[in-house]
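Engineer: The structure is given below, and queries will be raised subsequently.
Just so it is clear, none of the values below were taken in a lab; they were calculated from the coordinates. Just so it is clear, the model here is predicted, and its values are computed rather than measured. Glycine gets a Cβ as well: all are built from the backbone with ideal geometry, and neighbour counts include every protein chain shown.
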Amino acid sequence: MLKKNIMDLTVKMDDNSKSVDYHVRPYQPGEEERLVELLNFSFNGWPQFDLDCSPVEHWKWKFLENPLGLHSIVVAEIDDKIIGFIGEFYQYVKVGDKLLYSRRSAESAVHSDYRRMGVATQMGIQIKELRQGKGVQMGYSASGNHIIIKYRERRGTYFFPHVLCEKMLIRDVDKFLERYGIKNKFIKKIGFLGLKSINTIINAVKTDKKNAHDDIKIKQIHEFDENIDRFWESVKDDYYFIIERTQKYLNWRYCDKRGGDYYVVTAEEGGDVLGYIVLRVNRKLEDYPVGTIVDLLTLPGRLDVARQLIVHAVDYFDESKVISMNVWTVKGHPYDVLYGGYGFLELNRKVRKFFNTTPVDVGEEWGLFESAVPGQLHVQYGDLDWI
Ligand SMILES: CC(C)(COP(=O)(O)OP(=O)(O)OC[C@H]1O[C@@H](n2cnc3c(N)ncnc32)[C@H](O)[C@@H]1OP(=O)(O)O)[C@@H](O)C(=O)NCCC(=O)NCCS
């Protein structure tokens, strides 16, 4: 590969059979349709969940209309054809005892005709330049793509310093096995244990429904009101890693239809928010609906509330006839233990390697984060853009 400069590169394929000129540059407003076309092609459908709006509206919601309204986006093009995209936006994350201004990396994609030619690497260099001077203190991102994970391992990327896990409760074992096959050892294990877990959960849910507190009101909402800011103030000191959950952030993330169709429920008592849960049924595959617990957060020590919200979630997903339900947890967090009690089983995907947190300009707060116990860490599906 022959480099001229970051804005203008000449790339030769390894076998010298073809040479390609491409340009790497910041995104320009008006290019959204073409970017989404590339994402759609690169990911074999983008986004990977059903939407009530167009993917372009979803893209704008995410990159242009996020709570801080800030982004860095780089594209690679050949003549007028966009062949590469990398994008990130910004938000606050509480790490240790501080709120850090953070970059959240989102998609990166290169057209399949131009992969392994350094396009993503060059876009990565340019996005770093765009980020300069913005005061970013840390970064985080997640990827299940093994190329990216291996690349990050080679570069010594700092992965999340605690164990994350994905848990699943399978409701329709036959359909699950039909889709994923029974040959895979892991699937076999899940199929068997999944069957077992259905009985566990039915009993647990029945018992917990009976024991629910009547004075706690569980209700669906379509928008978070200002009480949620008081809730956040009461919660945040208990966590050494949590994405800032203000009214503005939560309404953007879960109550704007362009982000997706979420079912949001709060638990309240006497006008105070005790907790909330966010659920989503993904119907991208019409006859294979999957339920995800996107976010769960309660006041410190209110596991009774978490329990009621999880029971509500299982009921909701059962009514929605999902094939399976899944959730991300920090291993050993009290919610993780609760999910286990309701029959959710741990998948053996290396979720920890999916999630990286990069310190850039940090101080003692990072040490607090590293030495935190699971109950002080909050990482949820909703912190990513996978659902
Ligand atoms: C992941 C992706 C963006 C990489 O783009 P790319 O332009 O081919 O990447 P580069 O050529 O710059 O290579 C980056 C690194 O990945 C490695 N790599 C790229 N493709 C690889 C492959 N198929 N197998 C193994 N390693 C690979 C390269 O060797 C390089 O590592 P190195 O610098 O240590 O040698 C591209 O494969 C893609 O668009 N995939 C589909 C969309 C996706 O999954 N995006 C990521 C999740 S958000």
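Engineer: Cα convex hull of the chain: how many Å³ per residue?
Structural biologist: In the chain, the Cα convex hull volume per residue is 148 Å³.
Engineer: Still on this structure, please answer the following. For region 69-126, how big is the tail of P(r) above 12 Å, as a whole percent of Cα pairs?
Structural biologist: 69
Engineer: Counting DSSP beta bridges with both partners in the chain, what percentage is antiparallel, nearest 5?
Structural biologist: Taking every DSSP beta bridge with both residues in the chain, the antiparallel ones total about 90 percent.
Engineer: Whole-Å semi-axes of region 89-174's equivalent ellipsoid, largest first, each the root of 5 times a Cα gyration tensor eigenvalue?
Structural biologist: For region 89-174, the ellipsoid semi-axes come out as 26, 23, 12 Å.
Engineer: Which is farthest toward the positive dipole end of the chain among VAL311, PHE49, PHE344, measuring Cα position about the Cα centre, with Cβ charges +1 (Lys, Arg) and -1 (Asp, Glu)?
Structural biologist: Checked the options; the winner is PHE344.
Engineer: Moving to a separate point now. As an exercise, take the mean of 1/r over every pair of distinct alpha carbons in region 269-330, invert it, and state the Kirkwood radius in angstroms.
Structural biologist: Radius from the Kirkwood sum: 12.5 Å.
Engineer: PHE241's amide H: which non-local residues (gap 5+, or another chain) put their own amide H closer than 5 Å, with H modeled 1.01 Å from N in plane and none for Pro or chain starts?
Structural biologist: So PHE241 has HN proximity to GLY96, HIS378.
Engineer: In nm, give the distance between the simple-model label positions of HIS23 and LEU51, each being 7 Å from the Cα along the Cα-to-Cβ direction.
Structural biologist: In this crude label model, HIS23 to LEU51 measures out at 2.7 nm.
Engineer: Of LYS94/LYS284; LYS217/LYS331; LYS150/LYS331; LYS134/LYS248; LYS219/LYS257, which pairs sit farther than 26 Å apart, going by alpha carbon to alpha carbon?
Structural biologist: Violating the 26 Å limit, Cα to Cα: LYS94/LYS284; LYS217/LYS331.
Engineer: Still on this structure, I have one more. Quick one: putting +1 on the C-beta of Lys and Arg, -1 on the C-beta of Asp and Glu, what dipole do you get for the chain around its Cα centre, in Debye to the nearest 20?
Structural biologist: In debye, rounded to 20, the chain gives about 1620.
Engineer: What list of ³J(HN,Hα) couplings, whole Hz, do you get for region 115-123 from phi and the Karplus terms 6.51, -1.76, 1.60, once you set θ to phi - 60° and write x for glycine and proline?
Structural biologist: The phi angles translate into 7, 6, 10, x, 5, 4, 4, 5, 5 Hz.
Engineer: Binning at 10 angstrom from zero up to the longest distance, how are the C-alpha pair distances of region 2-136 distributed in percent?
Structural biologist: For region 2-136, the binned pair fractions read 11, 39, 32, 14, 3, 0 percent.
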